[in-house]
Amino acid sequence: MNFKALLDKYKKGIATEDEQNLIEQEIDKFEAMEEYLSEGLEMDFRNDESLEDTHLSETANLKKSVNRRLRKVVITSVVSVMVILFSIFYIVSPIIDSMYYNPSRKSVGEYQSDLFFDLRVLTELTLPGYDLSGPVISESLGFGRHSIHFSRKDLLTKDTQNISAQIKRNNRIGSYEYFFGDQYLNSAFDSIKRPKFYDSISQSMEEDPFKVQMEKVMNHVEQLNPVSYVSAYVTFNNDLSMDEFWELSRSYENIDFKWVGIRNFPDSEEYSRHITGFKPSFDGIQSPDIADPERYPLLQLVDAMTKDNPSLVRDGLGKAYEIHYKSLLRFVNDRPDAIIALTQGSFNKAYYQDALEYVEENGVNAFGVLIHAEAQDLIDFVNTEDIKTLELERVLASKPYVNYFGF
């Protein structure tokens with residue numbers, strides 16, 4: 001009988017005692033084998049878990065290594081970019097700024113920017129009838145580019161104009177007609193700047209062209225209301241020294257001498273350049289910040305009134321005017337980049353140098369003035385003094401701010 005038939009009889013309970021013993025012996029054998037096999041499988045499973053833990057550990061270490069390298073690459077890249085940006089904005093940009101006009105520097109005075117001094121001097125020298133007014137602001141935009149803001153006052157109307165511009169490496173960006181345009185540069189003195197032209201006309205005419213011109217303008221002025229307020233350019237038949245001009249200005253209480261045009265060229269020469277001059281009054285923007293007083297004495301005319309200069313006031317302001325005007329020219333001669341950037345080619349260093357050399361050799365002499373006066377006072381002035389030409393600039397119905405003392 002086979003083992004399966006014996007197993008069936010064992011299940012049914014009909015197996016003999018010997019058959020039962022045989023079946024149970026076989027069962028014990030299989031149980032032992034099962035236990036043995038189970039222990040082997042458990043051992044293999046544990047070995048598999050240990051291997052998986054090893055793989056996980058290696059993967060974690062690999063990830064850490066990759067992350068460290070990535071962090072190192074990222075940090076290196078960020079540092080490199082920061083170094084490049086720092087170099088560009090804090091090393092390269094300042095180097096470029098130093099190569100061109102930098103209005104934000106403070107190389108002239110201790111507190112005010114260079115732009116303040118440059119604008120004040122250029123305005124006084126070249127823009128009769130106007131004055132710097134209010135704060136002067138400059139902002140560096142980097143790489144030789146600057147934004148500037150300032151105010152200019154019209155001395156006739158007392159109106160103030162705010163002016164903004166940008167300068168990029170000594171060049172103005174855009175067109176700014178109210179900056180230092182040619183229309184501001186004392187074109188009313190053209191007649192005295194071109195004497196040869198008028199001499200040729202006078203040779204072909206019976207009457208002096210200057211006299212004809214004077215009569216026409218005076219006829220117009222005489223028809224104005226006597227209290228009309230007039231801005232006029234006047235030139236003299238004979239240049240006045242600064243002492244003579246000082247005495248002249250003291251003789252006319254009701255006439256405001258706003259600007260004095262100084263001769264920078266021989267009377268016999270035809271001249272096409274702009275004229276320079278100065279403001280003979282103490283009004284306008286003043287500053288306690290002073291440029292080099294040894295090289296530019298009285299760059300600010302009001303400094304003549306200090307206790308350090310008693311003789312200038314006691315003996316009249318003629319000498320102070322000479323010192324002041326020469327200081328203006330000397331200062332602007334030392335600022336070639338400012339001339340290029342701010343006047344945009346209307347002036348150049350050679351012109352100012354020629355002007356300074358001329359007055360050093362021939363003295364500071366006025367060939368004309370810009371005056372503000374009521375119509376009747378202007379008529380009296382022209383009829384009394386030795387006047388060559390008269391040009392009306394503007395006429396107001398009356399003097400602005402009549403009760404405003406000091407103007």
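Points to keep in mind about this one:
- Set of lysines near K9 by C-alpha distance (under 20 Å), chain-local residues within fewer than 8 positions excluded: K29
- With every protein chain in place and a 1.4 angstrom probe, the accessible-area ranking of E110, E139, E253, E385, largest first, reads E253, E110, E139, E385.
- Exceeding the 31 Å Cα-Cα cut-off - candidates K216/K349; K158/K211; K153/K319: K216/K349; K158/K211
- Length available on full extension from V217 to D354: 0.36 nm per residue minus the Cα-Cα distance, which gives 46.0 nm.
- The label-point distance for V79 and L392, in a model that sets each label 7 Å from Cα toward Cβ, rounds to 7.7 nm.
- Between A5 and L70, the distance separating the two model label sites (each 7 Å from Cα on the Cα→Cβ line) works out to 7.4 nm.
- Model label points for S241 and E19, set 7 angstrom from Cα along the Cα-to-Cβ axis, are 16.3 nm apart.
The values are calculated or read from the model by the stated rules, or taken from the named source; none is laboratory data. Fair warning: this is a prediction, and the values are worked out from it, not measured in the lab. Positions of Cβ are backbone-derived with ideal geometry, glycine not excepted, and every protein chain shown enters the neighbour counts. Please note that ligands, DNA and RNA were not included when accessible areas were found on the heavy atoms of the full protein model with its side chains. Shrake-Rupley method; radii C 1.70, N 1.55, O 1.52, S 1.80 Å.
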